[in-house]
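Before any comments, here is the structure.
What follows draws every value from the coordinates through simple rules; no lab data is involved. Please read these numbers as outputs of a predicted model, since none were measured by experiment. Note that we place each Cβ from the backbone using ideal geometry, even for glycine, and neighbour counts take in every protein chain shown.
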Amino acid sequence: MIRKWKGIAPLLLAATALALVSPAMAQTPPNILVIGQIAEPASLDPHVSTAANDFRIAVNLYDGLVRNKPGTLEIEPALATDWTISEDGLEYTFNLRKDVKFHDGTPFNAEAVKFNFDRMLKEDSPYASTGPFPLAFFFSSVKDVSVVDDLTVKFTLNEPFAPFMSNLASPTGLIVSPAAVEKYGKDYGRHPVGTGPFKFEEWQSNTSVVASRNDAYWDGAPELEAVIFRPITDANTRVAEMLSGGIDVLLETPPDNVAQFRNDGNYHVVEAVGPHVWYVMLNAKDGPFADKRVRQAVNYAVNKESLVNDVLQGTADVSSGPIPPAFNWAYNQDVAPYPYDPAKAKELLAEAGAEGAKLTFLVTEGGSGMLDPVPMGTAIQADLAAVGLDVEIKTYEWNTFLSEVNPGLEGKGDMAEMAWMTSDPDTLPFLTLRTAAWPAEGGFNSSYYSNPEVDDLLNKARLSTDPQERGALYKQVQAITHDDAPWLFVANWKQNAVVASSVGNFELQPDFSLVLRDVTKQ
Amino acid sequence: MTAYIGKRLLAAIPVILGLSIIVFLVMKLIPGDPAQALLGSYATPENVERINRALGLDRSWPEQYVIWIGNLLHGDFGRSYILNRPVLDEVLERFGATLILAGASLVLCSVLGILAGIASAVRQFGWTDRIITFFVLIGISMPAFFLGLVFILFFAVQWRLLPASGMYAVYGGGDLLDLLRHLILPATTLAIVATGVVARLTRAAMLEVLRQDFIRTARAKGLTENKVIYRHAFRAALVSIIPVLGIQAGFVLGGAVYIETVFQWPGLGQMLVKAVSTRDLLLVQGGVLVAATVYVLVNLLADVAQAMLDPRLKA
């Protein structure tokens, strides 16, 4: 008997192995789009969540009062059909879309809008405990939200605040179903209910989030039957899943793999600019960078072209100032990036008497929007060494890095890497370049730049509700700060995604969201 | 025996309690906090303070710890700061996945390691021994995450035989066959290093036993070689192999952390890595507590098994 078993065992093993591997890996089915994301979402409550990764799902489940027109950062109607802004910029009145229902069947109306903002902004709201709401300060200028009638809602602000509309179009402005918040309380984030083109179906921890078509969508039901978001943390594994047909869309492709997909007819590489700025802040308070010439010198000394093309493999453009070109209406075309000119850098250093200065450079190992911070840091170090600057790098884990840098660089270092992604051109300069934004005042101006003219322009731009007038002010900010060089301006990241050739109409949005309502798949 | 098990279980309590204090202190001492992780570049002191208040992190450390222990005794593990859901839900959901992966690896490495070790010992210095020793050396030296990527490259990308990552197919699937298909690559990868260790120690244990008098007696009695090896030698060697398996159980649980990341296995290890980087203290505490308890239990099990096999240890 044993002898017989010995003969059969290998056969059995082989049969089992065949059963397990023989059905050739099926491609993903038609009309169901599988998206490989960089991580599992933390929450699908758009008011609780803070990560771009979560928002990529949220924008497909929810709508806001307004949204960015696809492909731009210009505002267009969504749940609000139109609106009026009072002369003094303090009252915003929105007319809401008729007959819109949340996925749970409850009606969308002015009460629902009020519920959403009260929940985020009023500490005494009965649903305040369903937070915390980290980005609620986007709407901190809102004094009151009042229901005018069933389909009209009025926001009253404390002070004129021009970025209000952009913030309403940001994911933090998405509208959730009040009934669902009441039902699920603190667990709402795992049972999201919105009005968006896709309905939430299921969330399996660290495996998938599934959403299906909302046939009653006010803007026309999407083509896709369902969308599946799969978290795949490891970048190499994400690429392997794309190559093996396990996903249809690959987000945040590692720079080294982009070329491989570009040369393969089975895939398309999709790119879009984003409101992203990668820079190195320069301590203007103590040390050599207190002298503007030294700050300009490092801008000349670093070869940004080589950074974006060699280190980042063409996944970014060279930046010229604090306002990224994605804000086309506020971007100053006339300001060109500092050219790579080591001779000029040496000249400026000599003038300032800073030749051979010793500098400390704080570098992070990773972090949101930081791209490839260590290789970028070392490349910058090498370029600065070539003009005679002695740069010592100190590397930190991301959260540690933030707690070092945010309280200010004084006594800690001369330069530090940083990156921001924002929804309005106001955010970054307002929080990082004003005198009133020094760390002691509660801002992020950790390198102590101060120019009263810039302060003035930024304050003015906040008060103006006319986009053209605002744009002109930001263009001036770009020109002045370019010359003052509070930072070493390095890169504006281009987002990328790889999609299988069966996927159609796929576009990346400049606001980093992922709009899937028009996407098709064969 | 029962008294011994009871004593060991009691002794585990201070170990786990001490561990939770260490984890708590380490998480508090490293810079950064959940508010910062949530807010990222928007972490103004004002915003951080607001979030800390909402999360109850504005209390003193001892107060926070005592509250945590107090809730724990009522079976409440708290809520994750970042995921905003009960820690216990998350940990249990993840733990099942880790148990499947680590369990499969442990079975694989025990069976393969013991078979290889025996084959190697029986033909000491022969070709079988040399070939096995060679592969064992490679297995032990190979970084598992690298091996995992190589497996993915060949089995999933080149030949498209097995899925590259995940635990179940995201559409269809969901049955046992689907699970097994997803399990093969990560479980094998995770088992390879442990297999090497088990094989080496089995070989050493077997060699020692094979030289002893009772083996010569058994052979002299005219028993078949198979009986001598499996009935007599292997049973005696098992006493020193079992504790190694206990240690390997700890190893595969620990190794699961990076294998889970490579294969996107939705387990505890991957959860812990993320929880540490976002300073999600309660989630880290919950995960560590469960992992440590399992580790203690597995080692207890190994000791009990050893005592049952070897009458000399029973006292």
Per GNM of chain B with C-alpha springs under 10 angstrom, the most fluctuating residue out of B:A104, B:A220, B:A116 is B:A220
Least to most buried among A:S423, A:S140, by other C-beta atoms within 10 Å and fewest first, runs A:S140, A:S423
Checking region A:158-204 for GluC sites (Glu not before Pro) in a loop per DSSP with at most 11 other beta-carbon atoms within 10 Å yields none
Taking every other residue with Cβ under 12 Å from the Cβ of A:V387 and scoring Lys and Arg +1, Asp and Glu -1, one gets -3
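Given Cβ point charges of +1 (Lys, Arg) and -1 (Asp, Glu) and nothing else, what value in debye, to the nearest 20, does the dipole of chain B about its Cα centre take?
1340 debye
Across the residues of B:261-269, average count of Cβ atoms on other protein chains within 10 Å? Display every interim value, and only then the final one.
Numbers: counts 4, 5, 4, 13, 2, 7, 2, 0, 0.
That average works out to 4.
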Once amide hydrogens are built 1.01 Å from N within the peptide plane, the residues lying 5 or more places from A:R67 or on another chain with amide H under 5 Å from its amide H are A:E76, A:A78
Scalar couplings 3J(HN,Hα) for region A:408-417 by Karplus 6.51 cos²θ - 1.76 cosθ + 1.60 (θ = phi - 60°), nearest whole Hz, x for Gly and Pro, are x, 8, 3, x, 10, x, 9, 9, 8, 6
Counting only DSSP beta bridges with both partners in the protein assembly as shown, the antiparallel fraction in percent, to the nearest 5, comes to 75 percent
When chain B is treated as a Gaussian network with springs between alpha carbons less than 10 Å apart, the largest mean-square fluctuation among B:Y81, B:Y230, B:Y168 is found at B:Y230
At the level of C-alpha centres, the distance separating region A:394-438 and region B:1-75, in angstrom, is 29 Å
Of the convex hull enclosing the alpha-carbon atoms of region B:1-87, the direction-averaged projected area in nm² is 7.0 nm²
Among the DSSP H helices of chain A, those whose Cα atoms extend at least 24 Å along the helix axis and whose mean Kyte-Doolittle hydropathy is 1.0 or higher are A:2-21
Normalised per residue, the volume inside the convex hull of the alpha-carbon atoms of region A:40-166 in Å³ amounts to 121 Å³
Taking a ≥ b ≥ c as the square roots of the Cα gyration tensor eigenvalues, with a/c under 1.5 meaning rounded and otherwise prolate when a/b beats b/c or oblate if not, region A:373-518 comes out oblate
Given Cβ charges of +1 for Lys and Arg and -1 for Asp and Glu, the option among B:P34, B:T44, B:I67 whose Cα lies farthest towards the positive end of the dipole of region B:1-76 is B:I67
Here the membrane-span-like helices of chain B, with no claim about any membrane, defined by DSSP H, Cα axial extent at least 27 Å and mean Kyte-Doolittle at least 1.0, are B:2-29, B:87-122, B:176-210, B:234-262, B:281-309
If every Lys and Arg gets +1 and every Asp and Glu gets -1 at its Cβ, then about the Cα centre region B:1-118 yields a dipole, in debye to the nearest 20, of 320 debye
Here the equivalent ellipsoid of chain A, derived from its Cα gyration tensor, has semi-axes (largest first, whole Å) of 41, 35, 20
